[in-house]
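Only one structure is covered here, and it is reproduced in the block below.
The values are calculated or read from the model by the stated rules, or taken from the named source; none is laboratory data. In this text the structure is predicted, and so the values were computed from the model without any measurement. Cβ placement follows ideal geometry from the backbone for every residue including glycine, while neighbour counts extend to all protein chains displayed. For the accessible areas, the whole protein counts, side chains as well, though only heavy atoms, and no ligand, DNA or RNA atoms are used. Shrake-Rupley method; radii C 1.70, N 1.55, O 1.52, S 1.80 Å.
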Amino acid sequence: MRISIAGASLTLAAAAFITSLVIAGPRPNDHVTVTVDESSRRVDIAIDGKPFTSYIWPTTLKKPVLYPLRTDKGTIVTRGYPLEQRPGERIDHPHHAGLWFNYEDVNGLDFWNNSDAIKPDQAPKMGTILHRSITSTKSGQQGELDIDADWVAFDKKVLLNEHTHFVFRGGPGVRSVDRITTLHALDTKVNFPDAKDGMLGLRVIRALEIPSDKPEVYTDASGHPTTVAKLDNTGVNGAYLTSEGKKGDAAWGTRGRWCILSGMVGSEPVTITILDHPANPGFPTYWHARGYGLFAANPLGQKIFSNGKEELNFSLAPQTSVTFRYRILISSAIATPKPTEAAYKDFAAAYR
C-alpha cells in the first residue's frame with residue numbers, strides 16, 4: 001500500500017509536511033503517538049504531544065467511535081453529547097457520538113440508531129458493533145491503529161467481521177484521519193438495502209451547525225435540558241460545500257467526491273472535510289449532511305436520496321468482503337475548492 005501526501009492535500013491551512021517510515025511504539029521523539037489503555041477502553045492519539053483524538057469503546061455506546069476530534073490548536077469540533085454535557089448543545093440523537101461507521105439496515109437490523117435510549121421492546125430490532133481486539137499500533141511520523149470488531153444481532157449472532165485500519169497525521173494547522181474499513185460476511189448473505197442513515201458519520205459542535213430559528217432542546221451549563229422557543233444563533237455559522245458546488249442545506253441528498261463543512265469556532269477558522277474514494281461502493285457518495293450538525297457520507301442509500309430514480313441494494317455473499325475508504329481532514333482555515341480537489345486526488349491515488 002502506498003501512502004501519499006502531496007503538499008496540497010493536507011495544507012488547507014499551512015505548509016506541507018512529509019510522511020516517512022513508521023516507527024513502532026510511542027517514543028519521546030515520535031511525531032504521532034498511539035497509546036493503548038485497554039483497561040479504560042481507549043487508544044489515545046497525540047501529535048507533537050498534543051491530544052488529537054481517541055478510539056474508544058465505552059459500554060454506554062453501541063459502537064466504537066473516535067472522540068473527540070480536535071484541530072491543531074486543540075479546538076474540539078465534535079459534539080459532547082451523549083458522552084459529555086456541554087452548555088448550549090443539542091441533546092437529540094443519542095446515537096450521534098464522535099466519528100463512527102455503521103448502517104441503518106443490515107439484514108433488517110438497525111445499527112445506526114441503536115443506543116441506551118432505545119425502548120426494551122425495540123432492542124431486538126437493533127444491531128451492535130462490538131470491539132474485539134487491537135491487532136496493531138504504530139507511532140512515528142504517522143500513527144496507525146488496526147482493530148477488529150463484530151457486527152452482532154440482538155440474539156448474539158455475528159453477521160459481519162470488521163477490520164479497520166486508521167492512519168493519523170498532522171502538521172501546522174491540519175489534522176487527518178484515514179479510515180479503511182473491511183467488512184467480511186460469515187456464513188449468511190448480508191443485505192444492505194437502500195436506507196437514509198449511514199455510513200461514515202460525525203456530529204459537530206454547535207458553532208459548525210447551520211443557523212436555524214426552529215425551537216429546540218439544549219443543555220445548560222449543568223447539563224440539564226432546556227427548551228428554547230427561538231434559537232440563539234450567536235457564533236453559529238457552519239456552511240456545507242460539495243465538489244459539485246452544492247451549498248448549505250442544498251448539499252443534503254446530493255452526490256459528490258468530497259464535502260466540506262466550514263465556519264468560525266470562536267476566533268479560529270475551521271474546516272472539516274470528508275473525502276470519498278473512487279474504489280468505494282456507490283461512488284460518488286450521497287451526502288447525509290444536515291444543518292443541525294450531522295455530517296455523514298452514505299453511498300448505500302441511493303433510492304432514498306434519488307427519490308427512487310436510482311437503487312443499489314448492496315449485499316455481500318457468504319464469505320465475501322467489501323472495503324470502504326475515507327479520509328477526514330480538520331484544518332484551521334476556511335477551505336476552498338481547489339486545494340480540496342487536490343486533497344481528493346491525493347487520497348484517490350493513495351489506496352488502489
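First measure r as the distance between the Cβ atoms of K309 and D213, then evaluate 1/(1 + (r/R0)^6) with R0 = 41 Å and state the FRET efficiency to the nearest 0.05.
0.80
7 Å from Cα along Cα→Cβ at both S40 and T227: what's the point-to-point distance in nm?
Here the modelled spin labels are 4.0 nm apart.
Full extension from K125 to D92: what is 0.36 nm times the residue separation minus their Cα-Cα distance, to one decimal in nm?
Separation in residues times 0.36 nm, less the Cα-Cα distance, equals 9.8 nm.
Leaving ligands, DNA and RNA out of it, report the carbon-plus-sulfur percent of the accessible area of the stretch 28-165 at a 1.4 Å probe. Don't skip to the answer; put the middle values down first.
Numbers: 2750 of 5550 Å².
The C+S portion of the solvent-accessible surface of the stretch 28-165 is 50 percent.
I'd like the FRET efficiency for K189 and D146, computed as 1/(1 + (r/R0)^6) with the beta carbon distance as r and R0 of 45 Å, rounded to 0.05. The partial results should precede the final answer.
Working: r = 27 Å, r/R0 = 0.59.
Using R0 = 45 Å, I get an efficiency of 0.95.
Taking the mean number of other Cβ atoms within 10 Å as a proxy for protection, how do you rank 232-239, 192-199 from highest to lowest? It would help to have the intermediate numbers written out before the result.
On the way: 232-239: 15.8, 192-199: 21.6.
Order by mean packing, descending: 192-199, 232-239.
Could you do me a favour and compute the accessible area per residue for the stretch 85-208, 1.4 Å probe, result in Å²?
That works out to 33 Å² per residue.
For labels at F283 and I118 in the simple 7 Å Cα→Cβ model, what's the distance in nm?
3.2
Let me spell out the model: positive unit charges on the Cβ of Lys and Arg, negative unit charges on the Cβ of Asp and Glu, origin at the Cα centre of the chain. What dipole size does that give, in debye rounded to 20?
Around 520 debye, computed over the chain.
Evaluate the Kirkwood expression for the hydrodynamic radius of the chain, namely the inverse of the mean inverse distance over all pairs of different C-alpha atoms, and round to one decimal in Å.
Taking every pair of different Cα atoms in the chain, averaging 1/r and inverting gives 20.5 Å.
Please work out how much length the chain gains when fully extended from N237 to F154, using 0.36 nm per residue of separation minus the C-alpha to C-alpha distance, in nm with one decimal. Walk me through the numbers before you get to the answer.
On the way: separation 83, 0.36 × 83 = 29.88 nm, distance 4.04 nm.
25.8 nm is the gain from fully extending N237 to F154.
Starting at the first residue of the stretch 330-337, write each ³J(HN,Hα) from the Karplus equation 6.51 cos²θ - 1.76 cosθ + 1.60 with θ = phi - 60°, in whole Hz, x for Gly and Pro.
The phi angles translate into 10, 10, 8, 6, 8, 6, 10, x Hz.
Quick one: which of 316-324, 281-289, 103-111, 86-94 comes out on top by average Cβ neighbours within 10 Å, and what's the full order, highest first?
Sorting 316-324, 281-289, 103-111, 86-94 by mean packing, highest first, produces 281-289, 103-111, 86-94, 316-324.
Any chance you could run the full-extension gain for E84 through K247? It's 0.36 nm times the residue separation minus the Cα-Cα distance, nm to one decimal. If you can, show how the numbers build up before the last one.
On the way: separation 163, 0.36 × 163 = 58.68 nm, distance 3.05 nm.
Fully extending the segment from E84 to K247 adds 55.6 nm.
Taking H placed 1.01 Å from N in the peptide plane, check which residues at least 5 places from R79 or on another chain put their amide H under 5 Å from its amide H.
Hits under the 5 Å cutoff: G98, R203, V204, I205.
How large is the Kirkwood hydrodynamic radius of the stretch 29-93, in angstrom, based on all distinct alpha carbon pairs?
13.0
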